[in-house]
1. Given springs between every Cα pair under 10 Å in a Gaussian network model of the chain, which of Lys146, Lys120, Lys101 has the largest fluctuation?
2. Among Thr43, Cys66, Ser132, whose Cα lies farthest out toward the positive end of the dipole of the chain, if unit charges sit on the beta carbon of Lys, Arg (+1) and Asp, Glu (-1)?
3. Taking the square root of 5 times each eigenvalue of the Cα gyration tensor, what semi-axes in Å does the equivalent ellipsoid of the chain have, largest first?
4. Check cross-link reach from Lys149 to the aspartates and glutamates: straight Cα distance under 12 Å, and skip same-chain residues fewer than eight apart.
5. Taking the Cα centre of the chain as origin, work out the dipole magnitude from +1 charges on Lys and Arg Cβ and -1 charges on Asp and Glu Cβ, in debye rounded to 20.
6. Taking the chain as the reference, fit the longest principal axis to its C-alpha atoms, fit the long axis of helix 63-76 to the helix C-alpha atoms, and give the angle between the two in degrees, 0 to 90, nearest 10.
7. Can you spot the lysines whose alpha carbon is less than 19 Å from Lys116's alpha carbon? Ignore those fewer than 8 places along the same chain.
8. What's the magnitude of the charge dipole for segment 100-168 around its Cα centre, counting Lys and Arg as +1 and Asp and Glu as -1 at the beta-carbon? Answer in Debye, nearest 20.
Amino acid sequence: MIQGADSPLILCTITNKYMKISEIIDAISSEIVARGLYLVEVTVSRDNDVEVTIESEEGKVELEDCVAISRFFETKFDRETEDYSLTVTSAGLDQPFKVFKQFEKAVGKKVEVQLKGGRKMVAVLEAADQESITLKYSQKEAVEGKKKKEIVEHVDRFTMDQVNSVKPFIEFN
């Protein structure tokens, strides 16, 4: 056994080459737009697990859309060089909106809103801009001169600072 100054020096260099989100977006945006879709989110884990989340401008994301984006991605990035795994998925109905286009698409539809401070409500998204959303909702309130609470309709504007999350409201009939 060799010890001390005569022992061999062994260097081990571990390099983790993470894929860059900006490069992914630049590489696949044109194909996403060409299919009538838009990008919601791209995430890359420590293990280079890439998840691309897309949504349809109108209608819904089809399985063929996810397959086509996946194949296009693979033409832009070499799996052997980059050592990645890829998932292309649509934005889930149970997931909060992440980009403004999702708000635009939901105008006129019911949404589930959680405000900062914990208040939750189901409302119709009447309008949305980068700074605020306008919601139409009903709630039971005490009305002057009445013993029972009555349903009162409200249309209120909330700044994005007041909003914790907004997601589609799923109604089961």
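1. Residue with maximal mean-square fluctuation among Lys146, Lys120, Lys101: Lys146.
2. Ser132
3. Values: eigenvalues 454, 106, 31 Å².
Computed over the chain, the values are 48, 23, 12 Å.
4. Those aspartates and glutamates meeting the cut-off are Glu141.
5. On the way: 24 positive and 32 negative charges, 236 e Å.
I would put it at about 1140 debye.
6. 30
7. Of all the lysines, those that pass the test against Lys116 - Cα under 19 Å, at least 8 places apart if same chain - are Lys98, Lys136, Lys167.
8. Values: 15 positive and 11 negative charges, 87 e Å.
Computed charge dipole of segment 100-168: roughly 420 debye.
Rule-based calculations on the coordinates, nothing more; no lab input. Treat the numbers as computed from the prediction; the structure is a model and nothing was measured. When we count neighbours, we look across all protein chains shown, and the Cβ atoms used for this are built from the backbone with ideal geometry, even at glycine.
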